[in-house]
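The values are calculated or read from the model by the stated rules, or taken from the named source; none is laboratory data. All of these numbers come straight from a predicted model, not from anything done at the bench. Cβ placement follows ideal geometry from the backbone for every residue including glycine, while neighbour counts extend to all protein chains displayed. Ligands, DNA and RNA are excluded from the accessible area calculation, which covers all protein heavy atoms including side chains. Shrake-Rupley method; radii C 1.70, N 1.55, O 1.52, S 1.80 Å.
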Amino acid sequence: MQTRQESRPSFAGNVAHAIGCARRFIERLAQPSFVQLVLRIALAVPFWKSGILKWHGFLQLNDTAIDLFTDEFKLHLPGGPYPFPAPAVFAFLSACGEVGFPVLLVLGFGTRFAAAGLLLMTCIIELTVPDGWPIHITWAAMALGIAAWGPGVISIDYLLGDRAYRS
């Protein structure tokens, strides 16, 4: 004959069941295709927000963008800091990259190329603002993840045949 105490699950059994339920919920929520989309958007947002502020009109940089690369931004290399060579060119390329690469990422078109471009930009940003490394390393990790595992199923690249997945 079972007693009331033996028929109830143990505390450890309840905990194990709760952990199993939580794990299954997370697995359903964190589908790789959804994670890849969110990762692309998360990397695109800060660059887009910075880049959109640099433009005054179609292919016209505002004066602030050029002034930043002329007067404020310096490359922190050994023996430096050094001014940017051709600051207007760097300002223009930076603004183009900060607007163009995020659009490509969100669409999932040329995704690996866009991620590599933002990784290169992140490296240059780190040389310009070395104290920002905690956020820069996060951007670099996201860009590397996107470049390594691709755009995912929710992308134009996937529709065009980029189904290469690295494990």
Problem set entry | Output for the range 134-164, where each listed residue is surrounded by fewer than 17 Cβ atoms within 10 Å (Cβ to Cβ), at pLDDT 90 or above and either under 19 Å from LEU104 (Cβ atoms) or of a type in the set (A, V, I, L, M, F, W, C) (or both) | ILE135, ILE137, ALA141, LEU144, GLY145
For this session: Look at the range 4-25 and say how many of its residues are among the hydrophobic types (A, V, I, L, M, F, W, C), open to solvent by 100 Å² or more (accessible area, probe 1.4 Å) and under 30 Å from THR138 (Cα atoms).
Result: 2
Problem set entry | Meets criteria (open to solvent by less than 70 Å² (accessible area, probe 1.4 Å) and among the charged types (D, E, K, R)) for ASP71 | no
Exercise. What residue, of LEU68, LEU105, LEU77, is assigned to a helix (DSSP H, G or I) and more than 14 Å from the chain's Cα centre (by Cα)?
Worked result: LEU68
Exercise. If only one of SER33, SER50 is surrounded by 10 or more Cβ atoms within 10 Å (Cβ to Cβ), at pLDDT below 85 and under 23 Å from the mean Cα position of the chain (by Cα), which one is it?
Worked result: SER33
Exercise. Mind checking which pairs have a first residue in the range 118-129 that is under 15 Å from PHE84 (Cβ atoms) and in contact (Cβ under 8 Å) with a residue 40 or more places away in the chain and a second that is open to solvent by less than 50 Å² (accessible area, probe 1.4 Å) and of a type in the set (Lys, Arg), Cβ under 6 Å, 6 or more apart or different chains?
Worked result: none
